[in-house]
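The structure appears below as structure tokens.
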Amino acid sequence: MAHQRFERLRASIQSVFFGHSAAVDQLLIGLLGRGHVLIEDVPGVGKTVLARALARSIDCKFSRIQLTPDLLPSDIIGVSVYNNQTQSFDFKPGPIFANIVLADEINRTTPRTQSALLEAMSEEQVSVENMTMPLQRPFMVVATQNPFEFEGTYYLPENQLDRFLLRISVGYPDRAAEQRILMLQPARTKLDEMRPVMTGAEIAELQDEVPKVRLDSAVVDYVLDLVDASRHDDELHLGISPRGSLALTQAAQAAALLDGRDYVIPDDVKSLVLAVCAHRVISKAYLQNGDTNTTVRVLKRILDQVPTPT
């Protein structure tokens, strides 16, 4: 049943997003796993279209935050406004109070404003003016960012990166897909016409099924072998943390459920290591010269070296 529901959701997204299907599946894994997704790629490849297509396919509250250098934390969380009639301050919720929040170009705003998302992403609640307000489920932040070498961008703090379940890349579409984009221009013609195919309550119900997906001891040992290899690799300064290993198993369970299974197979883990773990480890080359490409290469090598259980 879950597989059929998500097939409808996948088909809805792909009716306007003609890019690689792997990006759609990874976004759905993030949603199903109650995580947040960071989409990192060059401008113009459909990052925002992908996020908006997901939001329009679900009958829930959606908000979009365009991150700019002058944006303040109160612009995201909300602010109290004095009410002359009641002679008290009324809290006006910000755009973070939604089910799906699109944080567009998150690395164009300052770290202080980026951190305003931190509590909401990690605990699904917001604390402001001695009040703690829970966020309604499902709650998901889909953030987009351009590569660091682009002008006017800021590095995301490590603790902020760690709150994203997956960091994915959309990539350039193939020739046939780009031909469809040119002919149909779906972002202009089809996106506004999309109708929900699932409700927020259905998403929350399916999210509760993910922890029930069976993890065999051999799969758990495989995750631990990958984690241990990353922590003892000579090229890495920091390996995969316990939060990272937990995120990897949660994502693998979500991938299994998305595929219509109630058990995890090693390929679920293997296919998600880069998306889940590459932004959580720090290479020695990064500390020395800012090289951000080493971590992916090292994790690929670890995947080749660690035996996959049968």
request  = Among residues belonging to segment 257-305 that are more than 25 Å from ALA204 (Cα to Cα) and among the polar types (S, T, N, Q), point out the one that is surrounded by the fewest Cβ atoms within 10 Å (Cβ to Cβ).
outcome  = ASN289
task = Write out, first by first residue and then by second, each pair whose Cβ atoms fall under 7 Å of each other, whose residues are 6+ apart or on separate chains, and whose first residue, in segment 191-206, is at pLDDT 90 or above while the second is assigned to a helix (DSSP H, G or I) and of a type outside the set (D, E, K, R).
result = VAL197/LEU9; VAL197/SER12; MET198/LEU9; ILE203/LEU31; LEU206/ALA2; LEU206/LEU32
request  = Enumerate the pairs (first residue in segment 153-168 and within 13 Å of ILE106 (Cα to Cα); second residue anywhere and at pLDDT below 80 and in a loop (DSSP other than H, G, I, E, B)) with beta-carbon separation below 7 Å, excluding pairs fewer than 6 apart on the same chain, so at least 6 apart or on different chains.
outcome  = THR153/ASN146; TYR155/PHE148
ask   = Are any residues in segment 36-54 closer than 22 Å to LEU9 by Cα, surrounded by fewer than 22 Cβ atoms within 10 Å (Cβ to Cβ) and touching a strand residue (DSSP E or B) at 6+ places or on another chain (Cβ under 8 Å), and if so, which ones?
value = THR48
remark   = Per the list (1) under 17 Å from the mean Cα position of the chain (by Cα); (2) under 23 Å from ARG195 (Cβ atoms), residue check on LEU67 breaks on (2)
note = Here the residues within segment 24-52 that are assigned to a helix (DSSP H, G or I), aliphatic (A, V, I, L, M) and under 18 Å from TYR172 (Cα atoms) are VAL24, LEU27, VAL49, LEU50, ALA51
ask   = Among the residues of segment 157-166, is there at least one that is aliphatic (A, V, I, L, M) and either in contact with a Lys or Arg (Cβ under 9 Å, 6 or more places away or on another chain) or farther than 24 Å from ALA278 by Cα (or both)?
value = yes
request  = Just give me the residues in segment 5-56 being touching a residue at least 60 places away in the same chain (Cβ under 8 Å), of a type in the set (D, E, K, R) and over 24 Å from MET121 (Cα atoms), in sequence order.
outcome  = ARG5, ARG8
task = Quick one: which residue in GLU158, GLU202, GLU129 is outside the structural domain of VAL281 (by TED's automatic domain parsing), closer than 21 Å to ALA51 by Cα and of a type in the set (Asp, Glu)?
result = GLU202
message = Any residue that is within 16 Å of ARG5 (Cβ to Cβ) and hydroxyl-bearing (Ser, Thr, Tyr) - is there at least one of those in segment 199-218?
response = yes
remark   = Considering segment 254-272, residues that are in contact with a Leu (Cβ under 7 Å, 6 or more places away or on another chain) and not in a helix (DSSP H, G or I), and then whichever is nearest to LEU28 (Cα to Cα), we arrive at LEU272
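The values are calculated or read from the model by the stated rules, or taken from the named source; none is laboratory data. This is a predicted model, so every value here is computed, not measured. Glycine gets a Cβ as well: all are built from the backbone with ideal geometry, and neighbour counts include every protein chain shown.
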